[in-house]
Amino acid sequence: MINGISIGIVIVLVGIYGILTRRNIIKMVMSLYIMNSGVILLFVSIGYIVGGQAAIFENSKKLMVDPLPQAVMLTTLVIGLGITALALALAIKIYDEYKTLNTRKLLEK
Amino acid sequence: MAHAPILIIVIPLLAVFLTHLTKYIRLRRGAEIVAVASMLASLILLLSMGSTIISGKAIQYDLGGWPAPIGINLAVDGLSFFFALFVLGIGLLIIVYSLGIYQYARRYYSLLLIALSGILGIILTRDIFNMYVFFEILAVASYVLITYKRKPRAIKASFKYLIMTESAWVLFLLAIAILYGLTGTLNMDSIASQMSMIYQTNPQVVYLVFSMMMIAFGVKCGMFPLHTWIPEAHSQSPTPVSSLLSGLILKVGLYAMLRVFFLFFGATLLWQGAGQLILYLGIITLVLGACLALVQDELKKLLAYSSISQIGFILVAIGLSTQLGLKGGLFHIVNHALIKTALFFCAGIIISQTGFWKISNMKGIWRQMPGVTFAFCILSLAVIGIPPSNGFVSKMFIIQAALTEMNYVAIIFIFAGILLTAAYYFRIIQAFFSPEEFRHKPDFVPQPVGPFEHLSTYVVAFLCLLIGLFPGVVANIMQPALKVLLP
Amino acid sequence: MIFHTPLLPIDNLSRFMLALVAFLSPLIFIYSLSYVKRNFFRYYFVLLITFGGMLGTVLARDLLSFYIFLEIMTVGIYFLIIDNAKKESFPAGFKYILMMFIGGIFILVATLMLYNLTGTFEIAVIAGLAPVLPGAAVAFIFALFLIGCLFEIGAVPFHIWLPDAHPVAPSPISALLSGVAIKVGAYGIIRMIFTLRVFNSALILIGVISMLFGVVLALRQTNVKRLLAYHSISQMGYVLLGMGLGSGIGMAGGLFHILNHATFKMLLFLCMGAIIYATGERKLERLGGLGKRMPITLVTFSIAAFAISGIPPFNGFASKAMISEGVAGNILLKLVIIFTAAGTFASFVKLFRFTFLGALPAKLENTRGVPILMLLPMLMLAGACLGIGLFPTQMLSEFVAPAIGSTMIFDFWSINIFIDAIWIIFLGYGIYILGLKTGFLGIDKKAVAPSFVRYLSLDRICCDAASVLEHGCMGLKRLHARNLNVHLFWVFLALVGLLFMLT
């Protein structure tokens, strides 16, 4: 059934496919970020309760969705941001030094 | 003091900011002073807890007063104390080594402190997501540190390290997600207590979580198919960073493996099969690392492959999962961290003095650098496992553990591993003692090597012999650690 | 805890070996004072460490200490072997240290297995427990320990390091190696034989093969130190034969031969060292006619040559007589002993003739004299050879027999022994003449080695195996360097593999 968890897994798999088959470094970084996003979606969906309320209000009468994954995923988002920024910076540096972004050509240099 | 665990982690982090602020104080070498001071402070705090730990009790600390399983827990028990002690010791050594190299500036020390506080965080925490966060902190710092000298190959190596670690780490996050979904908590002790129940109802999920975590920690520690980032990363980075990588980061991956596996999966039946798996992977790592080291010409790359091989030894010891095997494994973790750190220091001194990094160009060095060559000889003998060095004691425990288990396959491959280790280290020693006169490159200026670098190398070489002659001290500190792992 | 090594009290066997090590090693120090010309600090530092290792080995009361000091000694000798730092020192030293490590690991594994079986490392306690241990396990452990010690001794088929290590090492170190370091391995075997009471006919077999192998190959050598190295293999074969016989006479003979071999082999190496020091030449074809220039060396060399061949009244005959008595009744072994002794005499006649007699080559016209510090140890050793040879009964009763815990009397001066000696002299001289005529002795380079000998050479087999290994590893290295996608593929493949293996 289609819920956040299964879509999350599909996105992770897409990311894995991307990182395994793409030869362009930038595409690899993108796949990495896709994998990260997939896991974030998965984690948040785990805490989801159908019909629950967003975890912002106090004193609510309805059931709240689990706030822990949301807090945790904020942290993960920021970490993913940092890592991706670093990876892209390294990719730029690699292009400066080697003039290519292809992993096969980088192997020979 | 009550807040000691969190202070141990936070003081280096604060020191990061302080090192950048020293720009305005006009204190010469202010950054170094701040770095050393913060490490010493953490060390003292850790040692103050020492007496409680060795007597067997653990110290718990709840962040912000929120009790587990709601809040994040830090705890110092035997295993954490043991690891934190040698991490701080070796971290201090690395900083001392870097003191002698003048081009390292505030940026370097702040990054190093970030990495060290990340390592301490991993060791002291009891919340699995917290461990993930600290691992990422460590990882970011190490990616930047590898490329500190802006060498092109270093950038390529760092990128490879980044992609490999991060993709495996996504798997780790996935495992955390699955565990959270099943248990509703992120606290390691709570998850462990529910694990056996989960295993009864749903063993496949436990297998999935186990393999994902093993891949994640395997990349960090250098298990067989996941070790390919290590040679380039360790050889292209600047010397103190190589020691950091080889001596500490590999070991912290092993710590995570030990903690997570023995805590989570020790109670379940999974452990029997998993232990064998780790054993065989360890054997392959051991032999593969040694074989590849045999044919390397670059000195630092050879030391990196040697690291992989020794991690294989430790994995074999962990895989044996007996009291004796874990004793040997933990002892070898400490020994190898010390020895490999000092070996990289020696290599760094030699490379900065000669300008070459291939062994075939380093012939006959012993006339110019007798002290460093002598230290290198002692350290290589320690890695191979010759008495009376500390490497011999740990190897003896591991061989004895394998014999007690009657695991003859392991014995034969350990045998082969020790021989191959001896072969490639003696190849280097032969090159150093070669009668050919050593010639610099024509326009090379040797960088000045100060007393700090020599001091750190000789201190560790001496320490190796000392620990080898009196292993009881380390064994006493290891006892509480072993009790944690195998109660 | 681990290194609780109760070194005292020492029993008679340790006392025997200790006397050997402690009296002979200082002679090496004295000799080195003149012989060694460079790198004093490094040389003496390592020599002292080696000396300490050797002392520790013979004094150790438990097997773990024995192993520890053995390895310390091995590492020390490695650094001494490569002290000359010539081009061929390094492969020889490399071979030495690798084979010593293999032997060491065998000994370590045997020690740890024994610990698992008995719960202790101490030899005395193990001896007490030996009768109640399961026989198969004990035999297996003894086999492992034996193989390890055979590596240390240099017996066939583990002898590969010996003929390469001796020529490249400085002469005092060759003397130390052949005289003392090898004996430590024999000491280990003797300890275990007493402790575990296992007598193996394998020892006799290996002993016989070593004796014949050493003697036959020694006859062909032209490098003087290599010739002496092959003789070391042969003489240690005698010791193994004596120990394998199992009777009191055999053991006492083997032990006595350890002492005798130490003295005369050390003397031989020191004489050759004197010759090398004076002339700078190691090959027989470039030496000759040194008898007039170096009379003291000539006399001491002759004493040692007679001793090694087993001619009374020099010390070799005593131990050989005891071993011959031990094999009495076994015609085959007796023939082997006679043939080996004769061959030994033949190669020393060859050595004597081509070194001291004959014409002095032009290059050696101005050979230097030998310093007194080198002559002194040689004279002392020659005196020891003579002394032990003249009073063998006293040596036996006071020294050798208590070491194996028995009291025995042997008639050293019977007529049979003199008859044997005369046989040895005649046969030896005959072999020498035969060898000279057929060119087997290699002096004139007339005979060619049959190709199958080269094929069977163990040295070649090991070196070829090593190069196969190296090519394999280089192939692995090429396999390893792939692009990033492949490495990531391995990561995920590992995940799938793990999952597959767990379920």
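Springs join every pair of Cα atoms under 10 Å in this Gaussian network model of chain A, and among A:Ile56, A:Ile19, A:Ile46 the largest mean-square fluctuation is at A:Ile56.
Other protein chain C-beta atoms within 10 Å of residue C-beta, averaged over C:475-485: 6. With only the Cα atoms considered, chain A has a convex hull volume of 86 Å³ per residue. If R0 is taken as 41 Å, the Cβ-Cβ distance between B:Asp297 and B:Lys57 corresponds to a FRET efficiency of 0.20. Computed extension length for C:Ala481-C:Val132: 120.0 nm, one decimal, from 0.36 nm per residue of separation with the Cα-Cα distance subtracted. Here the extension length gained between C:Ala124 and C:Lys37 equals 26.8 nm, from 0.36 nm per residue of separation less the Cα-Cα distance.
Dipole magnitude for the stretch B:286-487: about 60 debye, using +1 per Lys or Arg Cβ and -1 per Asp or Glu Cβ, origin at the Cα centre. Hey, if you put +1 on the Cβ of every Lys and Arg and -1 on every Asp and Glu Cβ in the stretch C:200-446, which of C:Asn330, C:Val400, C:Ser347 ends up farthest toward the positive end of that dipole? Looking along the dipole axis, the top candidate is C:Ser347.
Counting neighbouring beta carbons within 10 Å and listing from fewest to most, the residues C:Arg353, C:Arg226 come out as C:Arg353, C:Arg226. With Rh defined as the Kirkwood radius, the inverse of the mean 1/r over Cα pairs, the Rg/Rh of chain B is 0.96. Between A:Met64 and B:Gln194, the modelled label-to-label distance comes to 1.9 nm, taking each label 7 Å out from Cα in the direction of the beta carbon. Over chain A, dividing the summed -39,500 (n - 2.57) contributions of all DSSP H runs of at least 4 residues by the number of residues returns a 222 nm mean residue ellipticity of -24500 deg cm²/dmol. Sorted from greatest to least, the principal axis extents spanned by the alpha carbons of the protein assembly as shown come out as 119, 70, 54 Å.
Number of Lys-Lys pairs in the stretch C:171-328 with C-alpha atoms under 27 Å apart and a separation of 8 or more places or on different chains: 11. The C-alpha atoms of chain C define a longest principal axis, and helix C:89-118 lies at about 60 degrees to it. For the residue pairs B:Lys251/C:Lys95; B:Lys149/B:Lys340; C:Lys334/C:Lys437; A:Lys99/B:Lys160, the alpha carbons lie more than 23 Å apart in B:Lys251/C:Lys95; C:Lys334/C:Lys437.
Taken over the stretch B:376-487, the convex hull of the Cα atoms encloses 159 Å³ per residue. Only Cα pairs under 8 Å and 6+ residues apart enter the sum, and on that basis the relative contact order of chain C stands at 14 percent.
What is the local net charge at B:Leu338, summed over the other residues whose Cβ is closer than 15 Å to its Cβ (Lys, Arg +1; Asp, Glu -1)? Intermediate values should be presented prior to the final figure.
Numbers: positive: B:Lys251, B:Lys340, B:Lys395; negative: none.
Local charge sum for B:Leu338: +3.
Since only B:Gly100, B:Ala84, B:His234 are under comparison, the one whose Cα sits farthest along the positive direction of the charge dipole of chain B, derived from C-beta charges on Lys, Arg, Asp and Glu, is B:Gly100. Seen against the Cα atoms of chain A and their longest principal axis, helix A:4-21 is set at about 0 degrees. Taking K and R as +1 and D and E as -1, what net charge do the other residues with C-beta under 15 Å from the C-beta of C:Ser178 add up to? Spelling it out: positives minus negatives among the neighbours equals +2.
Report, in debye and to the nearest 20, how large the dipole of the protein assembly as shown comes out about its Cα centre when Lys and Arg carry +1 and Asp and Glu carry -1 on their Cβ. Before the final figure, lay out each step's value.
Numbers: 73 positive and 39 negative charges, 613 e Å.
Computed about the Cα centre, the dipole is about 2940 debye.
How far is it, in nm, from the label point at B:Gln204 to the one at C:Leu117 when both lie 7 Å from their Cα along the line to the Cβ? A separation of 5.0 nm, rounded to one decimal place. Helix A:25-46 and the longest principal axis of the Cα set of chain A meet at an angle near 10°.
Going by a ≥ b ≥ c, the root eigenvalues of the Cα gyration tensor, does the stretch C:461-502 fall in the rounded group (a/c under 1.5), the prolate group (a/b larger than b/c) or the oblate group? Note, shape of the stretch C:461-502 comes out oblate.
Shape of the stretch C:12-104 from its Cα gyration tensor (a ≥ b ≥ c, root eigenvalues): rounded if a/c is under 1.5, otherwise prolate when a/b > b/c, or oblate? Don't jump to the answer; show the numbers that get you there.
On the way: a/c = 2.57, a/b = 1.29, b/c = 2.00.
It comes out oblate by the Cα gyration axes.
Projecting the Cα positions of B:Gly273, B:Ser434, B:Gly50 onto the charge dipole of chain B (unit charges on Cβ atoms of Lys, Arg, Asp and Glu, taken about the Cα centre) puts B:Ser434 furthest along the positive direction. Our note on the geometry: Cα centres of the stretch C:259-332 and the stretch C:39-100, 25 Å apart.
What residue among A:Gly15, A:Gly38, A:Gly51 has the largest mean-square fluctuation in a Gaussian network model of chain A, using Cα springs under 10 Å? Of A:Gly15, A:Gly38, A:Gly51, the Gaussian network model singles out A:Gly51 as fluctuating most. Distance between the modelled labels on C:Asp411 and A:Val50, one decimal in nanometres: 11.1 nm (7 Å Cα→Cβ projection).
Can you give me the Kirkwood hydrodynamic radius for the stretch C:200-446, using every pair of distinct Cα atoms, in Å to one decimal? Provide the component values of the computation, followed by the final result.
On the way: mean 1/r = 0.0550 Å⁻¹.
Kirkwood radius, the stretch C:200-446: 18.2 Å.
Divide by every residue of chain C the summed helix terms, -39500 (n - 2.57) for each DSSP H run of at least 4, and state the resulting mean residue ellipticity at 222 nm, rounded to the nearest 500 deg cm²/dmol. Walk me through the intermediate numbers first.
Numbers: 21 runs with 367 residues, N = 503.
That comes out to -24500 deg cm²/dmol.
C:Phe500 to C:Ala22: FRET efficiency via 1/(1 + (r/R0)^6), r the Cβ-Cβ distance, R0 51 Å, to the nearest 0.05?
Numbers: r = 63 Å, r/R0 = 1.24.
So, using R0 = 51 Å, E works out to roughly 0.20.
Compute the signed sum of charges (Lys and Arg +1, Asp and Glu -1) over the other residues within less than 14 Å, Cβ to Cβ, of B:Met362. Each step should come with its number before you reach the end.
On the way: positive: B:Lys300, B:Lys301, B:Lys358, B:Lys363, B:Arg367, B:Arg427, B:Arg439, B:Lys441; negative: B:Asp297, B:Glu298, B:Glu436, B:Glu437.
Surrounding charge for B:Met362 is +4.
Cβ-Cβ distance of C:Leu386 and B:Met406, R₀ of 41 Å, FRET efficiency by 1/(1 + (r/R0)^6): the value works out to about 0.15.
P(r) tail for chain C: Cα pairs beyond 44 Å make up 17% of the total.
Quick note: the coordinates plus some simple rules give every number you see, no bench work behind them. On a predicted model such as this, the values are computed, not experimentally measured, just so you know. Cβ coordinates were reconstructed from backbone atoms using ideal geometry, including for glycine residues, and neighbour counts include every protein chain displayed.
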